[in-house]
1. Out of the stretch 48-69, which residues are more than 15 Å from the chain's Cα centre (by Cα) and either in a helix (DSSP H, G or I) or on the phi < 0 side of the Ramachandran plot (or both)?
2. Residues 64, 43: which one is touching a strand residue (DSSP E or B) at 6+ places or on another chain (Cβ under 9 Å), under 30 Å from residue 2 (Cα atoms) and buried (at least 17 other Cβ atoms within 10 Å of the Cβ)?
3. Go through the residues of the stretch 70-91 one by one and say whether even a single one is outside any helix (DSSP H, G or I) and within 26 Å of residue 47 (Cα to Cα).
4. Return a yes/no flag: does the stretch 138-158 have any residue that is in a loop (DSSP other than H, G, I, E, B), in contact with a helix residue (DSSP H, G or I) (Cβ under 6 Å, 6 or more places away or on another chain) and at pLDDT below 90.
């Protein structure tokens, strides 16, 4: 891993840890919660490979565990698997947009699985609030990520697409 890639990976992991603490815009509809921008480090890490995506996902889980407790921390742990899947798709030639679209249902499904042991099987809370809510949050943060990647792509010093 190059020094540049390692540095970007560390910065993305640090962001994933601190975002739960610093972002003021949060939507909470129990059992669902959404912190605007919390998926951005995960999405950007997909462009750097599976190992980076795993590291950033673990950072996200740690940040949410420390800020919002074990259930949200476990939900954030799913960023490891979603990020890794997206990174593998990109490595196999999928576009960033396609990887984001393919991982959205996976993201929603994994977070639904996390909350079932705590809530029992309540279709509305599990499927609609958590599953659909996670996918909507996934796409909102994907739009933010796409814009950031586009801006960085124009930079001579940090082009994640190369």
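1. Once the filter is applied, which keeps residues that are more than 15 Å from the chain's Cα centre (by Cα) and either in a helix (DSSP H, G or I) or on the phi < 0 side of the Ramachandran plot (or both), the stretch 48-69 yields 66, 67, 68.
2. 64
3. no
4. Within the stretch 138-158 (the criterion being in a loop (DSSP other than H, G, I, E, B), in contact with a helix residue (DSSP H, G or I) (Cβ under 6 Å, 6 or more places away or on another chain) and at pLDDT below 90), the answer is yes, since at least one residue qualifies.
The values are calculated or read from the model by the stated rules, or taken from the named source; none is laboratory data. Since this is a predicted model, take the numbers as computed values, not measurements. Heads up, the Cβs are rebuilt from the backbone with ideal geometry, glycines too, and the neighbour counts pull from every protein chain shown.
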